[in-house]
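A quick write-up on the structure given underneath.
The values are calculated or read from the model by the stated rules, or taken from the named source; none is laboratory data. Everything numeric in this text was worked out from a predicted model, so none of it was measured. As a convention, Cβ positions derive from the backbone with ideal geometry for all residues, glycine included, and neighbour counts pool all protein chains shown. Side chains are part of the model used for accessible areas, which takes the heavy atoms of the whole protein and leaves out ligands, DNA and RNA. Shrake-Rupley method; radii C 1.70, N 1.55, O 1.52, S 1.80 Å.
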Amino acid sequence: MKILTAILSANLACCLFSVAAAETPIKHTSFRPGEIWTDNNGAHINAHGGGILYDKGTYYWYGEHKVEGDAGNYAQVGVHCYSSKDLYNWKDEGIALKVVEGDHSHPIAKGCILERPKVVYNKKTGKYVMWFHLELKGKGYGSAYAGVATAAKPTGPFKFLKAGRVNPGKWPLNMDKKDQTTEFTKEMPDYVRIIRRDYPGGQMSRDMTIFVDDNGKAYHIYSSEGNITLHIAELTPDYTGHTGKYVRAFINRYMEAPAICKHKGKYYLIASGCTGWAPNAARSAVAKNIAGPWMELKNPCVGPKAGITFGGQSTFILPVQGKPGKFIFMADIWRPKNAIDGRYLWLPMKWEGDQIILEWKDEWTLDDL
Ligand code: DGJ
């Protein structure tokens, strides 16, 4: 009997211990690019193509929730949100924007493509505003829409407002006046044909980011004209629409994955080339005004695998709170065959003159900034 009691209590202790162990999240104290990053439940963080909002002492990380297999490249769930005080340890806050089930015609119907969500806070309305790249269900990448949703709290729930092409009936501010007609001619250059074609319904909008300037003005920066060009478009004061003012930048440079920051009064951009899910060499650029002119710089990555952004693709540049002038470059290592296994690649940013420098690190901390 004594032996039986001893065995039972040992088993009980073992069970209690394993429950306690499962409930104690690992305390992270560094960034390890490319490895599995676990949340407070021990699950791999599921927030791809994401961006981060800092709000009242907390960072909120929003990204595409992916599922297993290549079905994970389509939105089966929505936009996942995590919160953190220190950028190393992330609490699962659940799905901030859910895709719509049971209505295939809804713009964010389950199975649509919903990528690169970015959330900003609007001081005037007190609302959290999420923008994302949207491709309607069953139409591949042909829709080229931008979608917007708002919430009263950073963790959501976000309510879908609208989606569509951008700035219908508006010409780019930096398009020659003589080209601003809807006439189709044999001689017109390709880009003029695309802009004229899309003028009535709005310009194409795919990979994107949102940038809020010091004066509170927000901008939507997105790959347009079949990814030939980036557009930089001003948002309305409530951040939920476009004012009609936009410029074309990086003409014929086929850039995707734009990320922007402001450092020492200048605007810096990191973006990728256009090779689907496969990594390519990052681009960088600087401007005194967000609307340009932009001057392209070199590939910011240096050292081994610099030619493929260390296997990643940019998604966001995070200003670190309490460390003025310090930024984190955030990128995704995509795993399109098993989308949920995509990894995060964050690296400290350095500048040499105007040139951004990104060096690979197996492990680093905020002290390395
Ligand atoms: C590259 C983009 O940056 C991603 O967001 C995604 O749209 C893939 N292309 C799809 O191939």
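Remark: pairs (first residue in the stretch 117-145, in contact (Cβ under 8 Å) with a residue 60 or more places away in the chain; second residue of a type in the set (Asp, Glu) and open to solvent by 50 Å² or more (accessible area, probe 1.4 Å); Cβ separation under 7 Å; 6+ apart in sequence or on different chains) = Asn122/Asp238; Lys124/Asp238; Thr125/Asp238. For the stretch 35-79, a residue qualifies if it is among the basic types (Lys, Arg) and either in the same structural domain as Ala339 (by TED's automatic domain parsing) or open to solvent by less than 10 Å² (accessible area, probe 1.4 Å) (or both), and exactly one does: Lys66. Taking the stretch 211-231 as the range and being in contact (Cβ under 8 Å) with a residue 12 or more places away in the chain and open to solvent by 10 Å² or more (accessible area, probe 1.4 Å) as the test, the residues that pass are Phe211, Val212, Asp213, Asp214, Gly216, Lys217, Tyr219, Gly226, Asn227, Ile228.
Taken as a whole, the condition of being closer than 30 Å to Phe250 by Cβ, in a loop (DSSP other than H, G, I, E, B) and not basic (Lys, Arg) does not apply to Gly156.
Quick grid of which residues meet (1) open to solvent by less than 50 Å² (accessible area, probe 1.4 Å); (2) closer than 30 Å to Met175 by Cα:
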| site | (1), (2) |
| --- | --- |
| Lys262 | no, yes |
| Ala282 | yes, yes |
| Met330 | yes, no |
| Gly353 | no, no |
| Glu363 | no, no |
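Matching residues to (1) closer than 24 Å to Ala75 by Cα; (2) more than 16 Å from the ligand (Cβ to nearest atom); (3) surrounded by 13 or more Cβ atoms within 10 Å (Cβ to Cβ):
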| position | (1), (2), (3) |
| --- | --- |
| Gly126 | no, yes, no |
| Lys137 | yes, no, yes |
| Gly147 | yes, no, yes |
| Asn174 | no, yes, yes |
| Phe184 | no, yes, no |
| Arg197 | no, yes, yes |
| Met204 | yes, no, yes |
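In the stretch 169-263, counting only strands (runs of 3 or more DSSP E) that sit wholly within it, the ones holding 2 or more residues that are in contact with a Phe, Trp or Tyr (Cβ under 7 Å, 6 or more places away or on another chain) and over 20 Å from Ala149 (Cα atoms) span 229-235, 256-263.
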